[in-house]
Every structure is written in C-alpha cells, then in structure tokens.
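See below for the structure under consideration.
The values are calculated or read from the model by the stated rules, or taken from the named source; none is laboratory data. All of these numbers come straight from a predicted model, not from anything done at the bench. Reconstructed Cβ throughout: ideal geometry from the backbone, glycine too, with neighbour counts over all protein chains shown. Note: areas computed on protein heavy atoms with side chains; ligands, DNA, RNA excluded. Shrake-Rupley method; radii C 1.70, N 1.55, O 1.52, S 1.80 Å.
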Amino acid sequence: MASKPPARPRLHARYWIAWYLPLVLLWLAFVDTLAVAEVVVGLVAAAIAATAAELVRAQDLFRVRLEWRWLRDLHRLPWQVVVGSWALWAALWRHLTGRRVTGSFVALPFPVEEDDATAAGRRALVTGTVSLTPNAFVVGIEGDEGFVLLHQLVPEATHPVPRSMLEDPR
C-alpha cells in the first residue's frame, strides 16, 4: 500500500491566501481608491508580504498562539481611542496656552509567563492594542518579571491593558 505524500503545497497555499486576502483589503482601505495603478501596487505588495509571512511560518522561525478569551474586552478599544484622543487634545491645549505637559513612564503588573508561543501572542496582542490608543504606547513587556512598561503623555489612573488580556492562564 503506497502512502500519500504530505499535502505541504496545499497547506502553504492556504496560509499564503490567509495572509494575502486581508493584506489586499487593508491596502484598499488605506488608499481608498480603485485606481488601476494603486490596485496593482497593492496586489504586488500584498503578494510580497504574504510570501515573506509564509516563509517565516513554514520555517517555524516565529510562533504565536492567541487565546480567544483575550479578545473578550476588545469592544472597549474604540472608546479608549476616543478618551485617549480627548486627553491628547486637552494636553495640546494646555501646551499651546503655556502650561507644561509632562508624560510619564508607568510599570504595570503583567502575568508572569514562560517564553512560548502563547506568551509571544499575548505580548504582541497587548502591544498592538495598547499602542493603538493615542495616549499610551508599550515600551516593553517583561513577562518573566511580571510587568509591562508604558509611556503615557497624559498620566491616567486606569489600566490601559484590557483585563481579559491579563488573566493568568493557570
């Protein structure tokens, strides 16, 4: 009985398409036009990016695993963007009227984790989510030491990392 060869090319094609389609849509959303030249550039750029992403994935150079429960509080992100934008406008007004505006670095608790695919996924998701808000960005995450370092232009009392992303996996 002959054994089937592994379906590697089909798997590579699936992952490539899974990268390519969202990248093309993202490009079209960014350029906001269907001009032929822009669409062609977007198709080529998405193909290059999808190929690079698939090469990295196929060689197992970078592993990321996301947990569905971390996404539970993402619906609050648009409100955080609005609040952060308001805080920045207020800070700009204070600066323009001659008052001093000083940002701050803040270290907040973060789950202590081993360095695996799940921890890398959590760090990437937290970095992206917090850095989308205009008032804060992640400087670094020390998952093995249990803290995340943020910079905030306008210091806030609230924790900018969504609670669901801070849940201990154990």
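The set of residues in segment 82-119 that are under 20 Å from LEU149 (Cβ atoms), among the polar types (S, T, N, Q) and open to solvent by 40 Å² or more (accessible area, probe 1.4 Å) contains only THR102. Candidates are the residues of segment 86-112 that are under 17 Å from VAL161 (Cβ atoms) and in a loop (DSSP other than H, G, I, E, B); the one that is farthest from the chain's Cα centre (by Cα) is VAL112.
Which pairs do you get when a residue that is over 13 Å from VAL161 (Cα atoms), found in segment 113-141, comes within reach of a residue that is assigned to a helix (DSSP H, G or I) and open to solvent by 10 Å² or more (accessible area, probe 1.4 Å), reach meaning Cβ atoms under 7 angstrom, with the pair 6+ apart or on two chains? Taking only residues 6 or more apart or on different chains, the pairs are PRO134/VAL81; PRO134/SER85; PRO134/LEU88. Can you run down the residue pairs with Cβ atoms below 7 Å, 6 or more apart or on separate chains, where the first is in segment 46-57 and free of Cβ contacts under 8 Å to residues at least 12 places away in the same chain and the partner is hydrophobic (A, V, I, L, M, F, W, C)? Qualifying pairs under 7 Å: VAL56/PHE62.
Among the conditions (1) open to solvent by 60 Å² or more (accessible area, probe 1.4 Å); (2) within 30 Å of GLU156 (Cα to Cα), LEU77 misses just one, which is (1).
One residue stands out among those in segment 120-147 that are farther than 20 Å from PRO78 by Cβ and more than 15 Å from the chain's Cα centre (by Cα): the one that is surrounded by the most Cβ atoms within 10 Å (Cβ to Cβ), which is GLY143. Total residues in segment 139-165 satisfying the condition of being assigned to a strand (DSSP E or B) and touching a strand residue (DSSP E or B) at 6+ places or on another chain (Cβ under 6 Å): the figure is 9. Residue check: VAL130 meets all listed conditions (1) closer than 18 Å to ALA157 by Cβ; (2) part of a loop (DSSP other than H, G, I, E, B) but one, namely (2).
Does VAL83 satisfy the criteria of being farther than 26 Å from THR118 by Cα, part of a loop (DSSP other than H, G, I, E, B) and out of contact with any Cys (no Cβ under 6 Å at 6 or more places or on another chain)? Taking the combined requirement at face value, the residue does not satisfy it. Among the residues making up segment 51-87, those that are farther than 25 Å from PHE137 by Cα and of a type in the set (D, E, K, R) are GLU54, ARG57, ASP60. Looking only at residues of segment 159-170 that are in contact with a helix residue (DSSP H, G or I) (Cβ under 9 Å, 6 or more places away or on another chain) and open to solvent by 40 Å² or more (accessible area, probe 1.4 Å), we find that the one that is nearest to GLU113 (Cα to Cα) is PRO169. Given the criteria at pLDDT 85 or above, surrounded by 10 or more Cβ atoms within 10 Å (Cβ to Cβ) and either of a type in the set (A, V, I, L, M, F, W, C) or under 30 Å from PHE110 (Cβ atoms) (or both), does LEU26 qualify? Against the criterion (at pLDDT 85 or above, surrounded by 10 or more Cβ atoms within 10 Å (Cβ to Cβ) and either of a type in the set (A, V, I, L, M, F, W, C) or under 30 Å from PHE110 (Cβ atoms) (or both)), LEU26 qualifies. Annotation: of all residues in segment 48-68 being assigned to a loop (DSSP other than H, G, I, E, B) and open to solvent by 100 Å² or more (accessible area, probe 1.4 Å), the one that is farthest from ARG123 (Cα to Cα) is GLN59.
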